[in-house]
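Structure first, commentary second.
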Amino acid sequence: MDGPPTIEDFEEVGFNPFTAAKTIGGEAKLTDPFTELARLRAISPIYHGDLKARFGLPTDLTQLGQNHYWILGYPEARQVLLAPDGYSASAYMSSVGIYFGPRAISIMDNPEHARVRKIVQKVFGPRMIARWNEVMIPRTINRLIDQFVDRKAVDLVDVFTLRFPFHFIHDLMDLPAEHRDVFHKLAFGQLMITFDEVHGMEAVNKIKDYVTDLIAWRRKHPSEDDFITELATTEIDGAALDPEVVISFFRQLMNAGGETSYNGFSNLMVGLLTHPDQWRLLLNDRSLVPAAVEEALRWEPPVCQALRTPTQEVEVGGVLMKPGDLIGFSISAINHDPRQYDRPEEFDITRGNRSHAAFSFGPHICIGQHLARLEMTQALNALLDRVPNLRLDPDYPKPEISGFMLRGPEAIHVRLD
């Protein structure tokens, strides 16, 4: 290979993976899962069966024929997620194992998981985080705000919330500008194998080929502060990550890093703009910004599902489960458990209890949680600084958050004048 690798778009011209889950997957209609989840949780903190089917949604194609249990309660979720020896993340093999690869860190159990995570966390260390926080994230955010700050009205999702997390990861990976839009589409499209196997596998194969070639190219042509090269070469106790693990990590980064911040921040802005008193609180007291971020992650978690399978016969919430059973965690239900939260359905940035399950618990807690919080905090402060008069546009319907596994609004129409 004489030059950087090239990337191929979807064969179907104009195919839009960003709306596929809501349209092909049928999730656009699921705007309120909380009422039914609360009713089910009041009966039992464990639901036995296909929870998607309960909401009239197509069954996840990667989970066909499996015996499902869904955890709906906060203490039951902590019981399982804080006991990694009793439950295996290999439950992800049929989904994550396909769209990010069988060596993805999300699938690993100890001791391999602990070893790999230690190396990855070294790369996500204070020096790198400080550089991102001080230079890269503000530059990405303000570059986008510059493009719409003088306009009277915009769709905030289209011009900002969908873009800044992914643009940051593009910068982080130092992708060629001409590859970024296609990379974004394919990385996003990998998740479609749960409801659209044809397009999903096309995205999986094309992003795998591109990332594999890109990492090989960067090993031969490293640049200063090149995140890909740094992750590929970082060692602990003389051991570096296997190439296949590095490839899986970067296949997952766009979704795990970009998707969480994109939907998480979009949901935060829906919460604030549909509760303008909360926006005014932030304008008057910036110390509430971190609390607003945590409340949004609790109120409308962006990624609403986690999976495990028991390693031995166990009882959770009075229900017996066996090895091979699929345990799903409904983060939406867990984050609204009235045993843990007073007034769980309300969006309240002054809430004292900031705990939530949006990043999971235990050894598999999201490795990029600090980065996601940095991005959301920086983005919110930038909007408060530069467009303090931000408000919903009365000429459009109020934004609605929808989805089952991934939740977020399709649009947030706002006025800035």
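The single residue among D213, D226, D242, D237 that is within 29 Å of L191 (Cα to Cα) and loosely packed, with under 14 Cβ neighbours inside 10 Å turns out to be D242.
What number of residues within the range 46-101 satisfy the criterion of being among the basic types (K, R) and either surrounded by 15 or more Cβ atoms within 10 Å (Cβ to Cβ) or in a loop (DSSP other than H, G, I, E, B) (or both)?
2
Could you identify the single residue in G352, G317 that is small (G, A, S) and either surrounded by 14 or more Cβ atoms within 10 Å (Cβ to Cβ) or farther than 25 Å from P276 by Cβ (or both)? Full working, then the answer.
Working: G352 fails: either surrounded by 14 or more Cβ atoms within 10 Å (Cβ to Cβ) or farther than 25 Å from P276 by Cβ (or both).
The match here is G317.
Of the residues that sit in the range 188-238 and are part of a helix (DSSP H, G or I) and either touching a strand residue (DSSP E or B) at 6+ places or on another chain (Cβ under 7 Å) or aromatic (F, W, Y) (or both), which one is modelled with the highest pLDDT? Per the stated criteria, the residue is Y210. A Cβ distance below 6 Å, combined with a sequence gap of six or more or placement on separate chains, defines the contacts here; from the range 112-135, residues that are farther than 11 Å from E235 by Cα reach residues that are assigned to a helix (DSSP H, G or I) in the pairs N133/L374.
Being in a helix (DSSP H, G or I), under 21 Å from S223 (Cβ atoms) and either at pLDDT 90 or above or over 20 Å from the mean Cα position of the chain (by Cα) (or both) is the requirement here; does R115 meet it?
In short, no.
For the range 118-165, filtered to residues that are part of a helix (DSSP H, G or I) and of a type in the set (S, T, N, Q), the residue that is surrounded by the most Cβ atoms within 10 Å (Cβ to Cβ) is T161.
Scanning the range 1-27 for residues that are within 19 Å of L406 (Cβ to Cβ) and at pLDDT 85 or above yields F15, N16, P17.
The values are calculated or read from the model by the stated rules, or taken from the named source; none is laboratory data. Just so we're clear, the structure is a prediction, and the values are computed from it rather than from any experiment. Positions of Cβ are generated from backbone atoms using ideal geometry, with glycine treated the same way; all protein chains shown enter the neighbour counts.
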